[in-house]
1. Of the conditions (1) in contact (Cβ under 8 Å) with a residue 24 or more places away in the chain; (2) surrounded by fewer than 13 Cβ atoms within 10 Å (Cβ to Cβ); (3) closer than 17 Å to Leu112 by Cα, Asp91 clears all except one; give me its number.
2. Provide a single number: the residues in the range 74-88 that are among the hydrophobic types (A, V, I, L, M, F, W, C) and crowded, with 19+ Cβ neighbours inside 10 Å.
3. So is Glu71 exposed (fewer than 12 other Cβ atoms within 10 Å of the Cβ) and not polar (S, T, N, Q) or not?
4. Among the helices (runs of 4 or more DSSP H) lying completely within the range 46-121, list those that include at least 2 residues that are aliphatic (A, V, I, L, M) and at pLDDT below 95.
5. Regarding Gly34, is this residue exposed (fewer than 13 other Cβ atoms within 10 Å of the Cβ), under 16 Å from the mean Cα position of the chain (by Cα) and either acidic (Asp, Glu) or outside any helix (DSSP H, G or I) (or both)?
6. Evaluate the range 85-94: report whether one residue or more is within 20 Å of Asn38 (Cα to Cα), in contact with a helix residue (DSSP H, G or I) (Cβ under 8 Å, 6 or more places away or on another chain) and among the aliphatic types (A, V, I, L, M).
Amino acid sequence: MDSIGSCVLNRFPDAIKQGANQPERKEIMSKSTGENENMQLLQKGVNAFMHFEFDQAFQILLPLAEQGVLEAQQKVARMYFAGNGVEKSHDQYLYWLQQAADQGDKYAKAKLKRMAKKKLP
């Protein structure tokens, strides 16, 4: 073993042992797998939205929006605003707009600010 390898082994012997980090790796893999599935669902929902298949888009995007996926929150807000795939609801529009703003969406923040200045409900 070279000097670097022995230095690492001496400084971090538990980390080098076979399987020492295996549970952590499994947790990371399952988390990234879940994120990958969410990204695939998001893409499917956005595609449905862009092709005016709003019923399908809403069914896919609402659960993602509830999980905090920003782009899904933005699309759900738009659907409630226009009544695309759902009954038009100003309250739901504002709710999802606020959710997006809370995550840092500049458009949502600006829209809410303009609405507050105009004293719109």
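1. It fails just one condition, (1).
2. 3
3. Working: exposed (fewer than 12 other Cβ atoms within 10 Å of the Cβ): no; not polar (S, T, N, Q): yes.
Answer is no for this residue.
4. Answer list for the range 46-121: 106-118.
5. Values: exposed (fewer than 13 other Cβ atoms within 10 Å of the Cβ): yes; under 16 Å from the mean Cα position of the chain (by Cα): yes; either acidic (Asp, Glu) or outside any helix (DSSP H, G or I) (or both): no.
Judged against the criteria, Gly34 is not a match.
6. Looking only at the range 85-94, we keep the residues that are within 20 Å of Asn38 (Cα to Cα), and these are none.
Taking every residue of the range 85-94 in turn, none turns out to be within 20 Å of Asn38 (Cα to Cα), in contact with a helix residue (DSSP H, G or I) (Cβ under 8 Å, 6 or more places away or on another chain) and among the aliphatic types (A, V, I, L, M).
The values are calculated or read from the model by the stated rules, or taken from the named source; none is laboratory data. Computed from a predicted structure; not experimentally measured. FYI the Cβ positions are ideal-geometry reconstructions off the backbone, even for glycines, and counts take in every protein chain you see.
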